[in-house]
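Contents: one structure, followed by commentary.
The values are calculated or read from the model by the stated rules, or taken from the named source; none is laboratory data. All values reported here derive from a predicted model rather than from experimental measurement. Here the Cβ is made from the backbone with ideal geometry for all residues, glycine too, and neighbour counts use every protein chain on show.
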Amino acid sequence: MTTSSFAAGAYASMQGLGSSGLMKKPASTGGLAGAGAGLPDFSALVGKALESTAQSARLADVQAANVAAGRSDVVDVVTAVAESEAAIETLVAVRDRVIAAYEEIMRMPV
């Protein structure tokens, strides 16, 4: 079960992607000729989001191992797993929107 605090954690990690400069808009595109210059690389953005989600899953694994070894509390594991779940759900939602946008573009008349 995902609560608002876990969702907030997932959104905060995604916001960290924006602060890295990948999601910032350029000051000026300078028309169509310069539209590609200075724009964020979509594949890099997706790769960074995947890495962030994988990192949260690794953190959940580490927390589970710490509990098994008696070095951590079960609450830490539950929190890490819930944050990982929220990050995965966010990534899946973004993927679904990208696929829907692609399908919409493919339905456009040429």
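Quick notes on this structure:
- A search for C-beta distances below 8 Å between a residue of segment 56-71 that is of a type outside the set (Ser, Thr, Tyr) and any residue that is not in a helix (DSSP H, G or I), counting only pairs 6+ apart in sequence or on different chains, returns GLN63/SER72; ASN66/SER72; VAL67/ASP73.
Residue by residue, here is whether (1) at pLDDT below 85; (2) on the phi < 0 side of the Ramachandran plot; (3) in a helix (DSSP H, G or I) holds:
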site	(1), (2), (3)
GLY16	yes, yes, yes
LEU22	yes, yes, no
LYS25	yes, yes, no
GLY30	yes, no, no
ALA35	yes, yes, no
ALA54	no, yes, yes
ALA57	no, yes, yes
GLN63	no, yes, yes
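- Members of segment 65-110 found to be outside any helix (DSSP H, G or I) and not polar (S, T, N, Q), listed by number: ALA69, GLY70, ARG71, ASP73, MET108, PRO109, VAL110
- Cross-chain or 6+ apart pairs with Cβ under 7 Å, segment 98-110 first and surrounded by 10 or more Cβ atoms within 10 Å (Cβ to Cβ), then in a helix (DSSP H, G or I): none
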